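Let me begin by presenting the structure, written as structure tokens, before commenting on it.
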Number of protein chains: 4
Amino acid sequence: MAASLGFRGAASGLRYWSGRRRPVGSLAAVCSRSMASKTPVGFIGLGNMGNPMAKNLIKHGYPLILYDVFPDVCKEFKEAGEQVASSPADVAEKADRIITMLPSSMNSIEVYSGANGILKKVKKGSLLIDSSTIDPSVSKELAKEVEKMGAVFMDAPVSGGAARSGNLTFMVGGVENEFAAAQELLGCMGSNVLYCGAVGSGQSAKICNNMLLAISMIGTAEAMNLGIRSGLDPKLLAKILNMSSGRCWSSDTYNPVPGVMDGVPSSNNYQGGFGTTLMAKDLGLAQDSATSTKTPILLGSVAHQIYRMMCSKGYSKKDFSSVFQYLREEETF
Amino acid sequence: MAASLGFRGAASGLRYWSGRRRPVGSLAAVCSRSMASKTPVGFIGLGNMGNPMAKNLIKHGYPLILYDVFPDVCKEFKEAGEQVASSPADVAEKADRIITMLPSSMNSIEVYSGANGILKKVKKGSLLIDSSTIDPSVSKELAKEVEKMGAVFMDAPVSGGAARSGNLTFMVGGVENEFAAAQELLGCMGSNVLYCGAVGSGQSAKICNNMLLAISMIGTAEAMNLGIRSGLDPKLLAKILNMSSGRCWSSDTYNPVPGVMDGVPSSNNYQGGFGTTLMAKDLGLAQDSATSTKTPILLGSVAHQIYRMMCSKGYSKKDFSSVFQYLREEETF
Amino acid sequence: MAASLGFRGAASGLRYWSGRRRPVGSLAAVCSRSMASKTPVGFIGLGNMGNPMAKNLIKHGYPLILYDVFPDVCKEFKEAGEQVASSPADVAEKADRIITMLPSSMNSIEVYSGANGILKKVKKGSLLIDSSTIDPSVSKELAKEVEKMGAVFMDAPVSGGAARSGNLTFMVGGVENEFAAAQELLGCMGSNVLYCGAVGSGQSAKICNNMLLAISMIGTAEAMNLGIRSGLDPKLLAKILNMSSGRCWSSDTYNPVPGVMDGVPSSNNYQGGFGTTLMAKDLGLAQDSATSTKTPILLGSVAHQIYRMMCSKGYSKKDFSSVFQYLREEETF
Amino acid sequence: MAASLGFRGAASGLRYWSGRRRPVGSLAAVCSRSMASKTPVGFIGLGNMGNPMAKNLIKHGYPLILYDVFPDVCKEFKEAGEQVASSPADVAEKADRIITMLPSSMNSIEVYSGANGILKKVKKGSLLIDSSTIDPSVSKELAKEVEKMGAVFMDAPVSGGAARSGNLTFMVGGVENEFAAAQELLGCMGSNVLYCGAVGSGQSAKICNNMLLAISMIGTAEAMNLGIRSGLDPKLLAKILNMSSGRCWSSDTYNPVPGVMDGVPSSNNYQGGFGTTLMAKDLGLAQDSATSTKTPILLGSVAHQIYRMMCSKGYSKKDFSSVFQYLREEETF
């Protein structure tokens, strides 16, 4: 524990860093510099996202203490020599830095506050980072409980990119002077680690980003579809939009029309990428936030309902850019 | 006429150029190269957009033959030594390259096909460029009539930017081998001149772009508002969005939240820029196109209605980014 | 002709009648009273709606002069002894009261103003009733042309109900003192004949009604679906809504949930009734009207887009209440 | 207590009654019949709705034990001879039938489960009726806690009408064989008492009804506005809609256009009635239900956002039919 705190003290000597792409070179430098003192890191939740994230930590030299409700998913790690714990409480007993990556608010509550939850055994001074995308008010509740135990909680949901290649963006909420410590670990798994403010603000930032993403993706799909039906060439139209004020990430980096760009889900039958179900879930969180803060979100609400409908029309496992296909397809019954 | 055609022949020696930003240097080069043979250019419609466009042509050395239904707006040009015509027909008699910049489909029809319209006196081989934003089907109709007279019609609506600084984008539809001739003139008024396809495709491209622009602007306003109400700092949130998948022209170049960026309408009480009424008009054209091509545009329709409501709530003359103010403001009655 | 005008004079002796259900008894009385002087009535457009409407006129004792672009559909009438004309102009030569029932604005223009259109041979004093659902501005244009020929034009689109049983509502626009004459014929085909104001107002009233109908139908489908998913019994929920402020025609007369009511399309696999394509068309007209009058129609626009999407998802021939199925269905791909 | 249960046993001799308007005569009969054995009824929450409801119970001969967080609002009742308690727990000690009427889920939780809440002193066999409009999942939670204490909980939110005149509709969820007991009291305050199913189903039914109400109200406002701008007479248009398939409670009973009907808020500058803020709140509950049951509610969501925007534009205290004014008004800044 002392070692770990010492380590974190060293890490906090890093310059405060927010909102800029960290040069890959310096990241490597930091990681090799701290290699000597690397203590085990807890990791709970080894699903589609958690699995490659955990592997990236291992690549950067961190020994892991792993846990997942489905013991099978831990096998692979056990065989590779990592330590598997019997419960979240067990992880908390063995590691003083823990990352959680869970599918819903309910799961986060269970893992932290449940009968065998982290809080049953958490050590004073531990750093608990929840990378799940959940309701910001739940993050705030968890932070309070964690604080009572003398530990530190940060929310650090992930946005965009591919977990495998470490090309993720973390949006981090929590006490500012612990940010460097969180960033040490998160920087091993993502190319961008952004400090967003107090606890819960990581969630809020991600929710706002993904709502805008959903809106501009559907907007791009509608605009491309309208243009194509009006006789325009899809590639030329994409080029024009991208040189003009309609330009957005969905049009220039992740175009939803098959054949316009290579290497994106739309050119691979909408396989891979970010599933429609996940987008519907995030838009549900945006809706909740908007209702509780009494913020009008007209397009955000309609976007939510569109992804909701797609989920019940067979698009749930396709990438969210498949909204182009959804709007366009003409079935004949 | 022969001279003019000869000139256009020379111009067409320019390399075909579409979809890339033309270096300012080379533009100047082209313009000075052709200075010697510059014949007068007709210009009809000297409103908010037409006025600075005409001045940019003059700056590039083109003598103009001007016309506007309101004679007063021509005064300024007359005093500066330009020639003022008595009707569109009169312009067509004196110039074989004419640019029209008019507020609606009805105005374009009147100026071309009316009792004293261009078509009454148009010379064979003339190049008629309509920069008005109108219904693509009207552009196609006008093109047919112009073609019957042995002349060439192109639609070249303008998008974004400021007319005064010549920072406009022209989206051009028409016969491809006349594009270079159009580009010679349009390149004096805009930094981007994009070839979009057959007649009417300039309009279609602009309509698609502006629909996507409206959607992403409203989306940005909703996301920023939701974030701010959730406790995030506006500048930090903008930074995060711009590094993430929510990034779009409305978030990174024209942010609608006062104080986030300098030099944009949101930081100047939404003065200047692109008025809400004009956006509502363009979205009406998008709606018409969508209805006639049977294309579903859910977000495009809602965006249309939002700008429609803003027009009746006192926002008609404000920049279209004032949707942020519209969504946010809390009046107390 | 004189006879016909005399007849119409007699008809106008009927009490002015608007907005109340005409007792079936008195309708029969009127019809038998005028039986003696019944002159032939022209009928153009014998499609799904026109066919049963024409038959109801025959039942009430009117000889018909028929025309349709597809000669086959006239056969049935010819065999029954009715007269078939060779063109709309031919109909106009032989009848001084003509009813048209056509699928679109373009068709109405063609039938009235085309090369062999009604206007080529229309007699002075003729009464021309267009029951097509078209753009009100087209109705007004046609009325002007008809008036120049000394004849009378009325728009009388049809709403709801079944054409076969004569259970239709006509919404009539035109000169008020000709309403009784129109009502004589329309009353044979529909149980409600409503005077709406000047020419075009029949179309406007129908467009408003059908937009509200679409909105409340989708609203009913959403509310029933939400209730059912929340555990409520569909029949009980319908009963509650119908006793409360959510009550509407779509909930109490045409409930979209299978099994809640008998004798409606939802209980017959959404066969029959009013097709999704037709509703999408009417909502397109509402959208056009709203855009040209600058009226915000948020829900109307979204309803339009929902029916537009349904058309491309295999619902085009189903009754418009199938929006319940569209919202509910969970396919597994 | 025995007396009370005995009374409730007698009441349950009433015929099971759901979904039909109870004749006023028979209501009076029942009430006078049970007058002799009337034991005190607890009443917690004496706001805009609770106040007249409590008075109607008094009119029917029930002595009350009252409580409100704001002691002032109890004064009036105290002066009239009713008993005022010091806390919800105190009410529960003195009465075995309690009605609660509170503004939010949080308030209901506090009144039931708080430090001085009902559950601290509730007697076995007590009947607790919560007429607040809250999240159905909260109702279910409260029911579980109440059941543990050996008492009965029912949710009975109120819809439409005026509390003063007793013209309310109660939508009741809970154990069916206790419905008659609830109905005895609720029938004194409302003309309709509807059994909806298990606990929480009263809330669900109300939420569905009010969502459909909001949708059809906005739809009516849009249709009336579109018709008026198209030149139709408002009264005539309302008449036509009400005879046609657009007919709904909002068009025929509560028309939002000033001057069309007497005695409704639209003819009294939108004073009184059901406030925009309350409608926004109910639509927030509908949104929550839809998100948690994964039900698509496109129009419900847009309706929610419209009322959300109205709340920040000075309409919060106006009747919800003021959406007509909101859509129509043209301010000049």
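At a glance:
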{"quantity": "Residue match in the stretch A:310-321 (condition: in a helix (DSSP H, G or I), of a type in the set (Lys, Arg) and on the phi < 0 side of the Ramachandran plot)", "calculated": "no"}
{"quantity": "Tabulated pairs, the stretch D:134-152, first at positive phi, second surrounded by fewer than 22 Cβ atoms within 10 Å (Cβ to Cβ), C-beta under 9 angstrom, 6+ apart or interchain", "calculated": "D:GLY150/D:LYS123; D:GLY150/D:LYS124; D:GLY150/D:GLY125"}
{"quantity": "Some residue of the stretch B:84-94 being more than 19 Å from B:LEU186 (Cα to Cα), surrounded by fewer than 18 Cβ atoms within 10 Å (Cβ to Cβ) and modelled with pLDDT under 95", "calculated": "no"}
{"quantity": "Only one of C:VAL193, C:VAL175, C:VAL199 that is among the β-branched types (Val, Ile, Thr), surrounded by fewer than 23 Cβ atoms within 10 Å (Cβ to Cβ) and more than 24 Å from C:ALA280 (Cβ to Cβ)", "calculated": "C:VAL175"}
{"quantity": "Members of the stretch B:269-295 that are under 14 Å from B:LEU213 (Cα atoms) and of a type in the set (Asp, Glu)", "calculated": "B:ASP282"}
{"quantity": "Residue pairs meeting the criteria (Cβ under 8 Å; at least 6 apart or on separate chains; first more than 7 Å from every other protein chain (Cβ to nearest Cβ), in the stretch A:233-247; second surrounded by fewer than 24 Cβ atoms within 10 Å (Cβ to Cβ) and in a loop (DSSP other than H, G, I, E, B))", "calculated": "A:PRO234/A:GLY259; A:PRO234/A:VAL260; A:LYS235/A:GLY259; A:LYS235/A:VAL260; A:ALA238/A:VAL260; A:ALA238/A:MET261"}
{"quantity": "Close pairs from the stretch D:219-231: first outside the structural domain of D:SER250 (by TED's automatic domain parsing), partner part of a helix (DSSP H, G or I), Cβ under 8 Å, at least 6 apart", "calculated": "none"}
{"quantity": "Count - residues of the stretch A:254-275 that are among the β-branched types (Val, Ile, Thr) and at pLDDT below 95", "calculated": "1"}
{"quantity": "Among residues of the stretch A:291-305, those that are part of a helix (DSSP H, G or I), within 8 Å of chain D (Cβ to nearest Cβ) and of a type outside the set (Ser, Thr, Tyr), counted", "calculated": "4"}
{"quantity": "Qualifying residue in the stretch A:156-166 (condition: at pLDDT 95 or above and assigned by TED's automatic domain parsing to the domain that holds A:GLY117)", "calculated": "yes"}
{"quantity": "Meets criteria (of a type outside the set (Asp, Glu), touching a strand residue (DSSP E or B) at 6+ places or on another chain (Cβ under 6 Å) and under 12 Å from D:LEU241 (Cβ atoms)) for C:SER216", "calculated": "yes"}
{"quantity": "Given (1) within 12 Å of chain C (Cβ to nearest Cβ); (2) in a helix (DSSP H, G or I); (3) touching a strand residue (DSSP E or B) at 6+ places or on another chain (Cβ under 8 Å), number of the condition D:GLY273 does not satisfy", "calculated": "(2)"}
{"quantity": "Condition met for C:LYS313 (within 7 Å of another protein chain (Cβ to nearest Cβ), within 15 Å of D:LEU298 (Cβ to Cβ) and surrounded by fewer than 20 Cβ atoms within 10 Å (Cβ to Cβ))", "calculated": "yes"}
{"quantity": "Test: residue in the stretch C:225-235 that is polar (S, T, N, Q) and within 30 Å of D:VAL199 (Cβ to Cβ)", "calculated": "yes"}
{"quantity": "Sole exception among (1) on the phi > 0 side of the Ramachandran plot; (2) touching a residue at least 40 places away in the same chain (Cβ under 8 Å); (3) at the interface with chain C (Cβ under 7 Å from one of its Cβ atoms) for D:SER204, by number", "calculated": "(1)"}
{"quantity": "Top-ranked residue in the stretch A:239-257 [being within 28 Å of the chain's Cα centre (by Cα) and not in a loop (DSSP other than H, G, I, E, B); ranked as nearest to B:VAL193 (Cα to Cα)]", "calculated": "A:ASN242"}
{"quantity": "Conditions (1) part of a loop (DSSP other than H, G, I, E, B); (2) of a type in the set (Gly, Ala, Ser); (3) modelled with pLDDT under 50: number failed by C:ALA29", "calculated": "(1)"}
{"quantity": "Unmet criterion (only one of (1) of a type in the set (S, T, N, Q); (2) more than 7 Å from chain C (Cβ to nearest Cβ); (3) crowded, with 24+ Cβ neighbours inside 10 Å) for D:THR253", "calculated": "(3)"}
{"quantity": "Among (1) without any contact (Cβ under 8 Å) to a residue 24 or more places away in the chain; (2) assigned to a loop (DSSP other than H, G, I, E, B) - the single one A:LEU212 does not satisfy", "calculated": "(2)"}
{"quantity": "C:TYR195, sole failed condition from (1) within 11 Å of chain D (Cβ to nearest Cβ); (2) part of a helix (DSSP H, G or I)", "calculated": "(2)"}
{"quantity": "Evaluation of B:LEU128 against (1) on the phi < 0 side of the Ramachandran plot; (2) modelled with pLDDT under 95 (one fails), failing number", "calculated": "(2)"}
{"quantity": "Number of the exception - C:VAL260 against (1) of a type in the set (Val, Ile, Thr); (2) within 12 Å of chain D (Cβ to nearest Cβ); (3) not in a helix (DSSP H, G or I)", "calculated": "(2)"}
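Residues checked against (1) over 15 Å from A:CYS248 (Cα atoms); (2) hydroxyl-bearing (Ser, Thr, Tyr):
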site: B:ASN210; (1), (2): no, no
site: B:GLY227; (1), (2): yes, no
site: B:SER230; (1), (2): yes, yes
site: B:ILE240; (1), (2): no, no
site: B:THR253; (1), (2): no, yes
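Residues are listed down the side, and each one gets a yes or a no for (1) more than 20 Å from D:GLU222 (Cα to Cα); (2) touching a residue at least 12 places away in the same chain (Cβ under 8 Å); (3) among the polar types (S, T, N, Q); (4) surrounded by 24 or more Cβ atoms within 10 Å (Cβ to Cβ):
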| position | (1), (2), (3), (4) |
| --- | --- |
| B:VAL260 | yes, yes, no, no |
| B:GLY263 | yes, no, no, no |
| B:GLY272 | yes, yes, no, no |
| B:LYS281 | no, yes, no, no |
| B:GLY284 | no, yes, no, no |
| B:ALA290 | yes, no, no, yes |
| B:THR293 | yes, no, yes, no |
| B:LEU298 | no, no, no, yes |
| B:TYR307 | no, yes, no, yes |
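The values are calculated or read from the model by the stated rules, or taken from the named source; none is laboratory data. Not measured: the values here are computed from a predicted model. Cβ coordinates were reconstructed from backbone atoms using ideal geometry, including for glycine residues, and neighbour counts include every protein chain displayed.
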